[in-house]
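Report on the structure given below.
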Amino acid sequence: MNNKIANLTQAVQLNEQDLLASIDRQKLPGHIAIIMDGNGRWALKRGLPRSLGHLAGMESLKDIVNICCDLKIKVLTVYGFSTENWKRPQQEINYLMNLTVEYLNKEINELCEKGVKVNSIGILKELPQSVQDIIANSVERSCNNSGLIFNLALNYGGRVEITDAVRAIAAAVEMGCLKASQVDIQTITDHLYTAGQPDPDLLIRTAGDCRISNFLLWQLAYSEIWFTNVLWPDFRRQHLLSALVDYQRRERRFGGLQK
């Protein structure tokens, strides 16, 4: 049995090495966004509580953050909890909130060692105080890091983000700080939660659903999208590398003609 496991592990490692060899390090996406879907389905398939699917998903997140650091990706944004997820059972919501606290408590030291800069996008004031506190602590401890910007989208919704941006711009116009005629695409971009960051070049969604679920609606205008049937707790480095290989085969024209 041990030999079989060793052979399987070696096969995965060889596959990962082949994928790495296929990647052009000069053409990597600057910003990767991920909808981490399928935790509950992963658990139910195994006769386990949904909560254990979310716990297993944390291992995938650690793996993906590590490979993004290794590849020197500039920005990684993960969809942790949406504004619509409040519709879920309270017990599951409580578990997800506690898991966020546990993850950041356990990982912040290693994240800082890797130069990761933790950032949060979403309506933080509506989250439990324990979550607000750990996020504030993680952001403060990593604020001077210059590596991967790690955006945690918590209590996040794309429509709410755009609404907040419009309100802020309208307030500036009312105060006379800005003329309505001066409002353009860059003005709106500068008022989003991701202001100052590049738009995602690549969006990955796991678990087979082919939709963006109110995620980064403005920023995804010209992102390449990669869907996979792999459930998030099974998603590992080799899956991300496969997405990158496919991404580099595509021609991004941004509305123009083929070169």
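The values are calculated or read from the model by the stated rules, or taken from the named source; none is laboratory data. Just so we're clear, the structure is a prediction, and the values are computed from it rather than from any experiment. Because the Cβ atoms are built from the backbone with ideal geometry, glycine has one as well, and the counts that use them run over all protein chains shown.
Quick notes
- Of all residues in segment 192-210, those being surrounded by fewer than 15 Cβ atoms within 10 Å (Cβ to Cβ) and either under 15 Å from the mean Cα position of the chain (by Cα) or in contact (Cβ under 8 Å) with a residue 40 or more places away in the chain (or both) number 3.
- Condition met for T189 (among the β-branched types (V, I, T), touching a residue at least 40 places away in the same chain (Cβ under 8 Å), within 30 Å of V245 (Cβ to Cβ) and surrounded by 13 or more Cβ atoms within 10 Å (Cβ to Cβ)): no
- Checked against the criterion of being modelled with pLDDT of 95 or more, touching a Leu at 6+ places or on another chain (Cβ under 7 Å) and assigned to a helix (DSSP H, G or I), the candidates A172, A168 yield just one match: A172.
- Of all positions in segment 194-217, none carries a residue that is in a helix (DSSP H, G or I) and under 18 Å from E161 (Cβ atoms).
- Residue match in segment 117-124 (condition: surrounded by fewer than 19 Cβ atoms within 10 Å (Cβ to Cβ), out of contact with any Cys (no Cβ under 6 Å at 6 or more places or on another chain) and under 22 Å from D164 (Cβ atoms)): yes
- Subset tally (residues that are in contact with a Phe, Trp or Tyr (Cβ under 9 Å, 6 or more places away or on another chain), hydroxyl-bearing (S, T, Y), in contact (Cβ under 8 Å) with a residue 40 or more places away in the chain and within 19 Å of C68 (Cα to Cα)) for segment 213-259: 2
- All positions within segment 175-193 that are within 24 Å of L220 (Cβ to Cβ) and either part of a loop (DSSP other than H, G, I, E, B) or in contact with a Phe, Trp or Tyr (Cβ under 8 Å, 6 or more places away or on another chain) (or both): V183, D184, I188, T189, H191, L192, Y193
- From the list V160, V131, the one residue that fits, being touching a helix residue (DSSP H, G or I) at 6+ places or on another chain (Cβ under 6 Å) and either among the small types (G, A, S) or in a helix (DSSP H, G or I) (or both), is V131.
- Residues of segment 244-259 that are more than 17 Å from A33 (Cβ to Cβ) and part of a loop (DSSP other than H, G, I, E, B): E251, R253, F254, G255, G256, L257, Q258, K259.
- Check on S138, part of a helix (DSSP H, G or I) and either surrounded by 14 or more Cβ atoms within 10 Å (Cβ to Cβ) or small (G, A, S) (or both): yes
- Condition check for G30: farther than 17 Å from L154 by Cα, surrounded by fewer than 16 Cβ atoms within 10 Å (Cβ to Cβ) and touching a Pro at 6+ places or on another chain (Cβ under 7 Å): yes
- For segment 26-125, the helices (runs of 4 or more DSSP H) that sit wholly inside it and include 3 or more residues that are more than 28 Å from L241 (Cβ to Cβ) are 90-113.
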